[in-house]
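Each value in this text was obtained by applying a stated rule to the coordinates, not by laboratory testing. Because the structure is a prediction, the values reported are computed rather than measured. FYI the Cβ positions are ideal-geometry reconstructions off the backbone, even for glycines, and counts take in every protein chain you see.
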Amino acid sequence: MGMDEILGAIRALDGVLETAPREGDDAPPIAWGDHFFYYSPDGTVPQRTQPYATIVTKDYPDDTQSDLDAEGRWRLNIHVGSAKARELVGDGGERDFSEADVILPHPVYGSLGWVAVVNPGDRTRATVLKLLHDAHDDERRRVARRA
């Protein structure tokens, strides 16, 4: 499963807004090349919410455990909520956050209900696609409640 398949699956969802900062954008250089996904049918970046999914293509200063600076590595992050995250990854223990094609707690935001998959592949494909769909639907319901 490549990044293009993930991007295609997310982009096909109704009301999705993707931001993908590039060099020359107003976004900070650390975000260039990454992707951030929101539910926003009006096409504006929500001001008081985080994306429900992201793709990061490099290590961040406080997030290096996935070894994303190595050639060809990237990570899909999905907000699934605390209960679903525990169901998927358990409550703790030693983790190798650099392991590919495994659903893991997000190395920084796992306690906030985020899961992460470095280079999703055949083992995680079906689960990842379902989690993305569910995260999108959850965010759509949150937006409707706030309206």
Can you find, among L17, P120, T54, the residue sitting farthest towards the positive end of the charge dipole of the chain, where Lys and Arg contribute +1 and Asp and Glu -1 at Cβ? L17
Have a look at I30, I103, I78 and tell me which one the Gaussian network model of the chain (Cα, springs below 10 Å) gives the largest fluctuation. I30
Between P41, P107, P120, find the one with the highest GNM mean-square fluctuation for the chain; connect C-alpha pairs within less than 10 Å. P41
Percent of Cα pairs exceeding the 17 Å cut-off, where the set is the chain: 60 percent
Loop-only check: which GluC sites (Glu not before Pro) in segment 63-147 are DSSP coil with at most 12 other Cβ within 10 angstrom? E71, E94
Calculate the dipole size of segment 3-146 relative to its Cα centre from +1 charges on Lys and Arg beta carbons and -1 charges on Asp and Glu beta carbons; express the result in debye to the nearest 20. 720 debye
With springs only between Cα atoms under 10 Å apart, run a GNM on the chain and tell me which of L132, L13, L104 wobbles the most. L13
Gain upon complete extension [A147, D62; 0.36 nm per residue less C-alpha separation]: 27.2 nm
Using only DSSP helix segments of four residues or longer, with each worth -39500 (n - 2.57), what per-residue ellipticity at 222 nm results for the chain after dividing by its residue count and rounding to 500? -8500 deg cm²/dmol
